[in-house]
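Student: Got a structure for you, questions after.
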Ligand code: 6GU
């Protein structure tokens with residue numbers, strides 16, 4: 001997969017050199033390019049923002065640097081054998097993800113969907129956001145998706161991109177050593193994960209639940225499933241409401 005990130009703070013994205021995602025890059029599973037939006041300005045001050053039409057607080061990102069940055073990415077994108085004037089079929093277009101508290105909410109299902117794409121481009125806005133015409137214009141060559149991490153406000157898209165690239169990157173084939181861990185984890189089955197314990201079996205007066213020491217795999221699986229349901233009902237009742245009744249077994253329903 002190829003990922004491009006455009007930001008006025010490219011240093012923010014340095015964390016993507018670390019850990020699992022950094023290794024995926026070095027292994028060639030993920031090609032990640034970070035671009036400085038100011039490299040696409042033409043004035044002495046490298047200006048990327050201006051005051052909003054209609055008034056109001058804060059500044060808005062100017063459209064032209066964004067268009068030049070996105071065009072330079074398209075120029076180097078997988079258009080092998082295609083003439084520049086040819087329309088790009090919808091399915092083969094890069095996806096332009098615009099982090100914004102006004103976007104659709106990012107979740108595990110969207111992470112899986114984006115992990116199946118060939119090319120993602122993240123446009124990190126700052127201030128009050130990017131001139132809306134950039135998104136309209138970009139829809140001619142990208143599938144444009146404004147995406148939010150949740151109902152709170154960050155100062156810019158960079159931290160959201162770190163979260164999304166990590167969530168997406170770990171789903172790429174070969175990135176996580178044991179793919180089984182992707183199937184068992186939180187949200188894969190619509191429930192939160194069960195609690196986990198390691199040695200020692202008694203620690204500061206607290207015992208590991210006895211069933212986990214029993215060696216009885218059926219009882220352990222039942223205990224874990226019950227804990228998932230209990231936790232999810234307590235912390236995320238919205239997830240219980242959203243469960244497909246067919247996903248519940250007989251013992252679940254009794255609980
Ligand atoms: Cl994706 N961007 C910004 N600026 N704020 C957010 C967000 C994204 N998600 C939640 N708050």
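The values are calculated or read from the model by the stated rules, or taken from the named source; none is laboratory data. Because the structure is a prediction, the values reported are computed rather than measured. When we count neighbours, we look across all protein chains shown, and the Cβ atoms used for this are built from the backbone with ideal geometry, even at glycine.
Student: Cβ-Cβ below 9 Å, separation at least six or inter-chain, first residue in the range 151-172 and in the same structural domain as residue 16 (by TED's automatic domain parsing), second part of a helix (DSSP H, G or I) and near the ligand (Cβ under 8 Å from one of its atoms): which pairs?
Tutor: The qualifying pairs are 154/160.
Student: For the range 173-187, indicate whether the set of residues that are more than 20 Å from the chain's Cα centre (by Cα), surrounded by fewer than 18 Cβ atoms within 10 Å (Cβ to Cβ), away from the ligand (no atom under 16 Å from the Cβ) and modelled with pLDDT of 95 or more is non-empty.
Tutor: No: zero hits.
Student: Of the residues that sit in the range 132-150 and are outside any helix (DSSP H, G or I) and either more than 16 Å from the ligand (Cβ to nearest atom) or outside the structural domain of residue 86 (by TED's automatic domain parsing) (or both), which one is farthest from the chain's Cα centre (by Cα)?
Tutor: 140
Student: Under the condition of being free of Cβ contacts under 8 Å to residues at least 40 places away in the same chain and under 17 Å from residue 157 (Cβ atoms), which residue from the range 38-69 is surrounded by the most Cβ atoms within 10 Å (Cβ to Cβ)?
Tutor: Keep residues of the range 38-69 that are free of Cβ contacts under 8 Å to residues at least 40 places away in the same chain, which gives 38-47, 50-51, 53-55, 64-65, 68.
From the residues that got through so far, the ones that are under 17 Å from residue 157 (Cβ atoms) too are 38, 40, 65.
On the way: 38: 15, 40: 19, 65: 24.
My answer is 65.
Student: Working carefully through the options 99, 87, find the one that is part of a strand (DSSP E or B) and in the same structural domain as residue 156 (by TED's automatic domain parsing). Walk me through how you get there before you give the answer.
Tutor: Working: 87 fails: part of a strand (DSSP E or B).
The unique qualifying residue is 99.
Student: Would you confirm whether any residue within the range 11-20 is within 21 Å of residue 138 (Cα to Cα) and in a loop (DSSP other than H, G, I, E, B)? Spell out the reasoning first.
Tutor: To start, the set of residues in the range 11-20 that are within 21 Å of residue 138 (Cα to Cα) comprises none.
No; the residues of the range 11-20 include none that is within 21 Å of residue 138 (Cα to Cα) and in a loop (DSSP other than H, G, I, E, B).
Student: Determine which member of the set 74, 114, 68 is within 16 Å of the ligand (Cβ to nearest atom) and in a helix (DSSP H, G or I). Talk me through it step by step, then tell me what you get.
Tutor: Details: 74 fails: within 16 Å of the ligand (Cβ to nearest atom); 68 fails: within 16 Å of the ligand (Cβ to nearest atom).
Residue meeting the stated conditions: 114.
Student: Restricting attention to the range 132-164, report how many residues are more than 15 Å from residue 35 (Cα to Cα) and in contact with a strand residue (DSSP E or B) (Cβ under 6 Å, 6 or more places away or on another chain).
Tutor: We begin by selecting, within the range 132-164, every residue more than 15 Å from residue 35 (Cα to Cα); these are 132-156, 159-160, 163-164.
Of the ones still in play, those that are also in contact with a strand residue (DSSP E or B) (Cβ under 6 Å, 6 or more places away or on another chain) are 135, 138, 142-148, 153, 160.
Summing the residues that are more than 15 Å from residue 35 (Cα to Cα) and in contact with a strand residue (DSSP E or B) (Cβ under 6 Å, 6 or more places away or on another chain) in the range 132-164 gives 11.
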